[in-house]
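**Student:** Please see the structure below; I have some questions.
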Amino acid sequence: MCDSDIKYMHEALKLADCASFNCPPNPAVGCVIVKDNQIIGSGYTQKTGCAHAEVMALEDAKKKNKKIEGATAYVTLEPCSHWGRTPPCALALQKSGVKRVVVAVEDPNPLVSGKGMKILRDSGIEVTLGVCEKEATERNIGFIRRMKTGLPFVRSKIAMSLDGKTALINGSSQWITGENARKDGHFWRARAGAILTGSGTVREDNPQMTVRLDGADRQPLKVIVDSNLSLDPGLKIFQEGAVLLVCAKRNEEKALAFERMGVEVLELPDECGQVDLKAVIRELGQREINEVHVEAGAILNGALAKLNLIDEYLIYVAPKIIGPGRDMMFLEAVQHLSEVVVLEHKSVKQIGTDLCIICRPKSDY
């Protein structure tokens, strides 16, 4: 690995970020074509069913009348080797005349998983793997997790005061954090495949739960946990975009009223007569959801945490002290510190007037 490889892979990673809003369920991939120390073509994965990053970069170079023969391609994920919604990118690179391909991360998809690089190597193209691997993995942590486990990566977003309150004691919570933090929250919404919330949050806040961010044309699936189908169909969340309403017991009259509106109703009970949250997460993985963005209250967040279903906490902390109010999470009391949920800080940064803390349970991800 040399400095120039890192330099150009960083350019490809920036392009991958451009793909993250609109490419799911495909992974967000960026690619640059470099010749004589100059980028002659660049591209990133388009929406599902459209061109991948490598093809976009090759086409970009051709439009500029650049000669690709002898160039090096930098790509943030192994070029695909199978015929899916689009032709294999490995074959496009093979035919292009590039002499070298630098790959950040091997594709964990069993349909690819080394096969793309083998196609390239078998045709005499030099392949380098592992440049900026950690950064590239973060770009597609949900896709990688789903390919390895069948489950999406679950991220819980919480906005709270310095003393850990998400709302006043009367339930008022708009707005604890500032405008910059709220905009950052929309960035994480935009890259998710689904937004998960509970009936309490929907009833009290009447949110739209949509992405309102420039460049984000795709709206995530809205998933609502409502055990008894108690919500009013007139609430804002049902008025725009695809909604999956998950209940524990299907009430036929209520379910049909929602279904006439285009809302999908799914019955997933657990043994206690509540919604089976593990089954919800499995279902979303089967629907090719890479990342689940949770925006919920203390009860649903606590239930997810208790079941070890939260892979990452995205916490915005406002420099405010509320006093008595609503906690960020409802958990049963423990008797020993050895029983508490232990997290690792991934990053801490200031966004406007607020802090953004990202942390994860100790795990392999």
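**Student:** May I ask for the distance between the Cα centers of segment 122-188 and segment 58-109, given as a whole number of Å?
**Tutor:** One Cα centre to the other: 28 Å.
**Student:** To continue, here is another question. Could you give log10 I(q)/I(0) at q = 0.13, 0.15, 0.16 Å⁻¹ for segment 130-280, computed by the Debye formula over C-alpha point scatterers of equal weight, without solvent?
**Tutor:** The computed values of log10 I(q)/I(0) come out as -0.72, -0.94, -1.05.
**Student:** What's the local net charge at Glu312, with K and R +1, D and E -1, over the other residues with C-beta under 10 Å away?
**Tutor:** That sum, taken over residues with Cβ under 10 Å, equals +2.
**Student:** Which stretch or stretches of segment 218-262 have amide N atoms under 16 Å from the point lying 7 Å from Glu179's Cα along the Cα→Cβ direction?
**Tutor:** Flagged as within label range: none.
**Student:** Which aspartates and glutamates does Lys35 reach when only Cα atoms under 13 Å apart count, and residues fewer than 8 places away in its own chain are ignored?
**Tutor:** Once the sequence-local aspartates and glutamates are set aside, what remains near Lys35 is Asp5, Glu69.
**Student:** Output the direction-averaged projected area (hull surface divided by four) of the convex hull of the alpha-carbon atoms of segment 53-118, in nm².
**Tutor:** The Cα convex hull of segment 53-118, projected and averaged over all directions, gives 4.2 nm².
**Student:** Let me ask something else. Can you send over the solvent-accessible area of Lys66, 1.4 Å probe, protein chains only, in Å² to the nearest 10?
**Tutor:** For Lys66, the solvent-accessible surface is approximately 90 Å².
**Student:** Using a 7 Å offset from Cα along Cα-Cβ at Asp327, what residues in segment 343-358 end up with backbone N under 19 Å from the label point?
**Tutor:** Inside the label zone: 343.
**Student:** On the accessible surface of the chain, probed at 1.4 Å, how many percent belong to carbon and sulfur atoms?
**Tutor:** 50
**Student:** Once the convex hull of the C-alpha atoms of segment 286-357 is built, how many Å³ does it hold per residue, rounded to a whole number?
**Tutor:** Measuring per residue, one finds 145 Å³ for the Cα hull of segment 286-357.
**Student:** Now, a different point. Please list, or write none, the aspartates and glutamates whose alpha carbon is within less than 20 Å of the alpha carbon of Lys63, excluding same-chain residues fewer than 8 places away.
**Tutor:** Glu11, Asp36, Glu54
**Student:** Okay, moving on. How big is the convex hull of the Cα atoms of segment 93-147, per residue, in Å³?
**Tutor:** Per-residue hull volume (Cα only) is 76 Å³.
**Student:** How far is helix 277-286 tilted off the main Cα axis of the chain, in degrees rounded to 10, range 0 to 90?
**Tutor:** It works out to around 30 degrees.
**Student:** Which distance in nm do the two modelled labels at Gln335 and Lys236 give, with both placed 7 Å along the Cα-to-Cβ direction?
**Tutor:** A separation of 4.6 nm, rounded to one decimal place.
**Student:** Compute the projected area of the convex hull of the Cα atoms of segment 14-59, averaged over all viewing directions, and report it in nm² to one decimal place.
**Tutor:** For segment 14-59, the mean projected area of the Cα convex hull comes to 2.9 nm².
**Student:** If one takes the longest principal axis of the Cα atoms in the chain, at what angle in degrees, from 0 to 90 and to the nearest 10, does the Cα axis of helix 53-63 lie?
**Tutor:** 50
**Student:** Next question. Work out Dmax and Rg for the chain from the C-alpha atoms and quote the Rg first, both in angstrom.
**Tutor:** So, for the chain, Rg and Dmax equal 22.5, 69 Å respectively.
**Student:** Let me ask you something else. If we count every other residue with Cβ under 12 angstrom of Ser230's Cβ, Lys/Arg +1 and Asp/Glu -1, where does the sum land?
**Tutor:** Overall, the nearby charge balance is +1.
**Student:** Considering every Cα-Cα pair within segment 216-364, what fraction, in whole percent, is farther apart than 20 Å?
**Tutor:** Every Cα pair in segment 216-364 considered, those over 20 Å come to 60 percent.
**Student:** Using the heavy atoms of the protein chains and a 1.4 angstrom probe, tell me the accessible area per residue for the chain in square angstrom.
**Tutor:** Result: 49 Å² per residue.
**Student:** Quick check on the chain: helices-only [θ] at 222 nm, where DSSP H runs of length 4 and up contribute -39,500 (n - 2.57) each and the sum goes over total residues. Nearest 500, please.
**Tutor:** After summing the helix terms and dividing by the residues of the chain, the value is -8500 deg cm²/dmol.
**Student:** Still on this structure, I have one more. Considering only His345, His10, Gln219, whose Cα is most displaced toward the positive end of the charge dipole of the chain, charges sitting on Cβ of Lys, Arg (+1) and Asp, Glu (-1)?
**Tutor:** Final value for the positive-end residue is His10.
**Student:** Taking only the alpha carbons of segment 222-281, what extent do you get along each of the three principal axes, in Å, biggest first?
**Tutor:** If we take the Cα atoms of segment 222-281, the spans are 32, 23, 14 Å.
**Student:** Taking GluC sites (Glu not before Pro) as exposed when DSSP calls them loop (any state but H, G, I, E, B) and at most 10 other Cβ atoms lie within 10 Å, what is the longest stretch of the chain free of them, the sites themselves excluded?
**Tutor:** Within the chain, the longest run free of exposed GluC sites (Glu not before Pro) spans 70-270.
**Student:** Kirkwood hydrodynamic radius, computed over distinct alpha-carbon pairs, for segment 111-206: how many Å, to one decimal?
**Tutor:** It is 17.4 Å.
**Student:** Among the listed pairs Lys222/Lys249; Lys222/Lys306; Lys278/Lys346; Lys148/Lys349; Lys115/Lys278; Lys148/Lys222, which have their C-alpha atoms separated by more than 27 angstrom in this model?
**Tutor:** Lys148/Lys349; Lys115/Lys278
**Student:** A further question on this structure: Can you pull the Kirkwood radius for segment 73-164, inverse mean 1/r over Cα pairs, to one decimal in Å?
**Tutor:** 14.6
**Student:** Can you report the principal axis dimensions of segment 4-120 using only the alpha carbons, biggest first, rounded to whole angstrom?
**Tutor:** Largest first, segment 4-120 extends 34, 29, 26 Å along its Cα principal axes.
**Student:** Can I ask one more? Rg to Rh for segment 176-215: what is it, with Cα atoms only and Rh by Kirkwood?
**Tutor:** 0.98
The values are calculated or read from the model by the stated rules, or taken from the named source; none is laboratory data. It should be emphasised that the depicted structure is a prediction, and the values quoted were computed from it without experimental measurement. Backbone-built Cβ (ideal geometry, glycine too); neighbour counts: all protein chains shown. For the accessible areas, the whole protein counts, side chains as well, though only heavy atoms, and no ligand, DNA or RNA atoms are used. Shrake-Rupley method; radii C 1.70, N 1.55, O 1.52, S 1.80 Å.
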